[in-house]
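Have a look at the structure below, then the notes.
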Amino acid sequence: MKILMIHKFYYVNGGACRYMFELSKLLEKNGHEVVPFSMQHPRNHPTPYEKDFVSNISFQGMNFAQKLLKAPGITKRVIYSKEARNALERLIEREKPDLAHVHMIDHQLSPSIFDALKKFGIPTIQTVHQYKMVCPNYSLYIYRNHERCTRCVEGSFFNAVKHRCHKDSLVGSSIVAFESAFHKRRGTYDMVDLFHTPSQFTEQLYLRHGVPQERVWQQFYTINMEDYPYSPDFEDYFVFYGRVAQEKGVMTLLQALDKVRMSKLKVVGEGPHIPELQSFVKEKGLEDRVEFTGYKQGKELHDLVAGAKFVVAPSLWHDNSPLVMYESFSRGKPVVGSRTGGIPEMVRDHVTGRQFDPGDHEALAEILSELLQDDALVLEMGRNARRLAEEEFAPDVHYQKMKSAYDKLLNGSR
């Protein structure tokens, strides 16, 4: 089978990229041919298909005035990129793929690619990594007042303008609301045959948005578990790792730690929230119990997580299906996770970890105190977490389920 793999980045830039590359390797290992389509970028993995990719566009480092000056060109490409549509048409004509697997396309590629796929009758599956189709700002979260929000799922996309959901900007929010309304009105996403959601939470959002059940399929992501070997032993610390942003809830974790006078926390990662967190640590006199390690990868990251007693995922927003939990479970580390998004589907309370309501630092403090004093419970939940990973996330398991979904699409049934 020749599979067209479409994602806006062809280098590792977050969990969606990592899953896309992992799935591509898995398909190639099982004898399929994978043809990528993406955006040109200096960091791209080497591929003979780079010449077929769309030209590079970046929004980083641009202030509001610069964006306004370039607004007509940027907006045109973001909402409907003729370049991406035409480039994909040429690639399809030459390669003649059997099926397309789409990941994240917004802004750098745009939903115009679905017109190219429809033109050639290519069966299409899209993995839903974020909430763009049902939420103009992607995240179901209003950053200016820290509110989880699903108003647009069943209501008007222009709620995004009313609440200035996109970077607290009226202009920016108007553009993303128009973009979402435009594609809903023209039925762009009706061209997707099957939506693959990694969480039941996201599956339910799509159903509430009006997508028929036969077009939505829930299946966890996969990871290469050999990269995250079972590591049941631990030292006297626990970790948060990932992007350190406000919506990730690390402040809740620090507030809980302030009430639990034992063990140490390592915050592994970088992000805009670190200065505020460091100020809190200094104010509360927690310097000897909290370590900000900065960004880590490879063996350094592995050793930090492998030595931890457990991992905390204190998200405030509706995290879809964070890969941090897949990696932690593969290592045999229980996760203490907030009860939001897809997290509770993996963090099964008292089985693979513990749950608490997002932002509830007092409940989190009680859980931390319990786990830090009960090594046997931590080990038991770690074993359960590893077992869940083997049963649900293992590459061979994922391949069989994905291949079955592909076969149904090729046979004309959803």
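The values are calculated or read from the model by the stated rules, or taken from the named source; none is laboratory data. Computed from a predicted structure; not experimentally measured. Neighbour counts are summed over all protein chains in view; Cβ atoms, including those assigned to glycine, are modelled from backbone coordinates with ideal geometry.
Being within 21 Å of the chain's Cα centre (by Cα), surrounded by 17 or more Cβ atoms within 10 Å (Cβ to Cβ) and over 28 Å from Val134 (Cα atoms), is that true of even one residue in the range 218-228? Yes, the range 218-228 has at least one match.
The residue that is nearest to Thr188 (Cα to Cα), among those in the range 140-155 that are among the hydroxyl-bearing types (Ser, Thr, Tyr) and assigned to a loop (DSSP other than H, G, I, E, B), is Thr150.
Contact map, the range 13-36: residues that are free of Cβ contacts under 8 Å to residues at least 60 places away in the same chain paired with residues that are among the small types (Gly, Ala, Ser) and in a helix (DSSP H, G or I), Cβ distance under 6 Å, separation 6+ or inter-chain. Pairs shown: Val34/Ser24. Within the range 75-113, the residues that satisfy the criterion of being part of a helix (DSSP H, G or I) and buried (at least 23 other Cβ atoms within 10 Å of the Cβ) are Ala84, Leu88, Ile113.
Among the conditions (1) buried (at least 18 other Cβ atoms within 10 Å of the Cβ); (2) within 23 Å of the chain's Cα centre (by Cα), the only one that Gln255 does not satisfy is (2). Taking the criterion of being closer than 19 Å to Lys309 by Cβ and out of contact with any Lys or Arg (no Cβ under 9 Å at 6 or more places or on another chain), the residues of the range 327-342 that qualify are Ser328, Ser338. Ser173 falls short on exactly one of the conditions (1) among the polar types (S, T, N, Q); (2) part of a helix (DSSP H, G or I); (3) surrounded by fewer than 21 Cβ atoms within 10 Å (Cβ to Cβ), and that condition is (3). Within the range 322-372, take every residue that is β-branched (Val, Ile, Thr) and buried (at least 18 other Cβ atoms within 10 Å of the Cβ) and give me the one that is farthest from Met225 (Cα to Cα). This residue is Ile367.
Looking across the range 193-210 at every residue that is hydroxyl-bearing (Ser, Thr, Tyr) and assigned to a helix (DSSP H, G or I), the one that is surrounded by the most Cβ atoms within 10 Å (Cβ to Cβ) is identified as Thr202.
In the range 256-268, the residues that are touching a residue at least 12 places away in the same chain (Cβ under 8 Å) and of a type in the set (Val, Ile, Thr) reach residues that are crowded, with 17+ Cβ neighbours inside 10 Å and in a helix (DSSP H, G or I) with C-beta atoms within less than 6 angstrom, at least six apart or across chains, in these pairs: Val260/Ala365; Val260/Leu368; Val268/Leu304.
Would you tally the residues in the range 173-194 being without any contact (Cβ under 8 Å) to a residue 40 or more places away in the chain and out of contact with any helix residue (DSSP H, G or I) (no Cβ under 6 Å at 6 or more places or on another chain)? Total satisfying the criteria: 6.
The requirement of being among the β-branched types (Val, Ile, Thr) and farther than 30 Å from Val34 by Cα is fulfilled nowhere in the range 76-89; no residue meets it. Evaluation of Asp190 against the conditions (1) surrounded by fewer than 19 Cβ atoms within 10 Å (Cβ to Cβ); (2) part of a helix (DSSP H, G or I); (3) touching a Ser or Thr at 6+ places or on another chain (Cβ under 9 Å) shows that the sole unmet condition is (3). Is it true that Glu147 is closer than 30 Å to Pro123 by Cβ and of a type in the set (Asp, Glu)? Taking the combined requirement at face value, the residue does not satisfy it. Of all residues in the range 114-139, those that are assigned to a strand (DSSP E or B) have Cβ atoms under 6 Å from Cβ atoms of residues that are among the acidic types (Asp, Glu), 6 or more apart or on another chain, in Thr124/Asp193. Among the residues of the range 303-345, those that are among the polar types (S, T, N, Q) and either assigned to a loop (DSSP other than H, G, I, E, B) or free of Cβ contacts under 8 Å to residues at least 12 places away in the same chain (or both) comprise Ser315, Asn320, Ser321, Thr340.
Here's the yes/no breakdown for (1) within 24 Å of the chain's Cα centre (by Cα); (2) of a type in the set (Phe, Trp, Tyr):
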residue: Leu316; (1), (2): yes, no
residue: Ser321; (1), (2): yes, no
residue: Arg339; (1), (2): yes, no
residue: Val378; (1), (2): no, no
residue: Arg383; (1), (2): no, no
residue: Tyr406; (1), (2): yes, yes
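Summed over the range 349-400, the residues that are free of Cβ contacts under 8 Å to residues at least 12 places away in the same chain and within 29 Å of Met20 (Cα to Cα) give a count of 4. Candidates are the residues of the range 142-155 that are in contact with a Lys or Arg (Cβ under 9 Å, 6 or more places away or on another chain) and loosely packed, with under 14 Cβ neighbours inside 10 Å; the one that is modelled with the highest pLDDT is Glu154. When residues in the range 271-293 are screened for being farther than 28 Å from Asp375 by Cα, touching a residue at least 12 places away in the same chain (Cβ under 8 Å) and out of contact with any helix residue (DSSP H, G or I) (no Cβ under 8 Å at 6 or more places or on another chain), 2 of them pass. For the range 346-371, the set of residues classified as part of a loop (DSSP other than H, G, I, E, B) and more than 17 Å from the chain's Cα centre (by Cα) consists of Arg348, His350, Val351, Thr352, Asp357, Pro358, Gly359, Asp360, listed by residue number.
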